[in-house]
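The structure appears right after this line, and notes come after that.
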Amino acid sequence: MGVAVLVLLLAVGGLGIALIAGGDDEPEVTTGPTTSTTEEPGGTEPSAAPSSEAPSVPNNNAVTAKYSSDFEEVCAGGAILNAADYTAGSNTTKVYAFSNSPERANDWRTRSVGYDKPFYAKSADFTTVSVVACLTTVPGSEGTPKKCDYKDRDEKPIQVDYISSRLDVTFYAAKTGQKLGTGEQVNAPANRCPSYISYNSSTMKAYAAPDEGAITAAIEKFLTN
């Protein structure tokens, strides 16, 4: 079709990346043994109210954050020693969000949402963050895979199963790891094949990213309850 494709292969973890000229969708960033390529043409639950204040419970897995991405440790059962203290009802609460996927349960991706909302914090302002929202796929919520056609680095046609799902949202106090409550489930729609996709080269599967607007709404509802 005359479309120029730029392919960049990374030797670490079998991760490959390719971009298609003129793609409409924003890229999705992943970690771990996945492969990326480009497309070839052709129920909610009620939100639980947060506790009045998270107690200072010692957490043996607490670490000192150097970067905003270190806050993913909260989703893995840890805590952040230099995070801000959490106080329920505060209108200055800052929140970071992370999600994983069934195939990469131990790898958490940053979900930057709510740029125009009071809870948003820039990556450089991580010490102001007191709450972490962790999104995990609801078992059995996966939809029928959407078959997406791409080309690999050798221009060989491949097909990837692009999968929708729903994710549970759990909120934690960043400084202690204390669970604060849960939010409404978030959809991860797979309505169309993206121009850029990251997939597992062993299973040929890719899980759709959670809807950013839904994450924002879940955080806002949690903070106002």
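The values are calculated or read from the model by the stated rules, or taken from the named source; none is laboratory data. Given the structure is predicted, the values throughout are model-derived calculations rather than measurements. Quick reminder, even Gly has a Cβ in these numbers, built from the backbone with ideal geometry, and neighbours come from all protein chains shown. We work out accessible area using only protein heavy atoms, side chains counted, and drop any ligands, DNA or RNA first. Shrake-Rupley method; radii C 1.70, N 1.55, O 1.52, S 1.80 Å.
Against the criterion of being open to solvent by less than 40 Å² (accessible area, probe 1.4 Å), hydrophobic (A, V, I, L, M, F, W, C), touching a strand residue (DSSP E or B) at 6+ places or on another chain (Cβ under 8 Å) and modelled with pLDDT under 90, A62 does not qualify.
Of the residues T110, T87, T137, the single one that is farther than 20 Å from E220 by Cβ and among the hydroxyl-bearing types (S, T, Y) is T137.
Which one of these does G77 not meet: (1) within 20 Å of L223 (Cα to Cα); (2) within 17 Å of the chain's Cα centre (by Cα); (3) among the small types (G, A, S)? Only one criterion is unmet by G77, namely (1). Close Cβ contacts (under 6 Å, 6 or more residues apart or on different chains) running from residues in region 140-158 that are farther than 16 Å from S201 by Cα to residues that are open to solvent by 30 Å² or more (accessible area, probe 1.4 Å) and of a type outside the set (D, E, K, R) comprise G143/S164.
Looking only at residues in region 71-111 that are within 23 Å of T136 (Cα to Cα), at pLDDT 95 or above and in a loop (DSSP other than H, G, I, E, B), which one is most open to solvent (accessible area, probe 1.4 Å)? Looking at residues that are within 23 Å of T136 (Cα to Cα), at pLDDT 95 or above and in a loop (DSSP other than H, G, I, E, B), I get A76. If you go through region 185-219 and keep only what is under 17 Å from the mean Cα position of the chain (by Cα) and surrounded by fewer than 18 Cβ atoms within 10 Å (Cβ to Cβ), you end up with P189, D211, E212, G213, A217.
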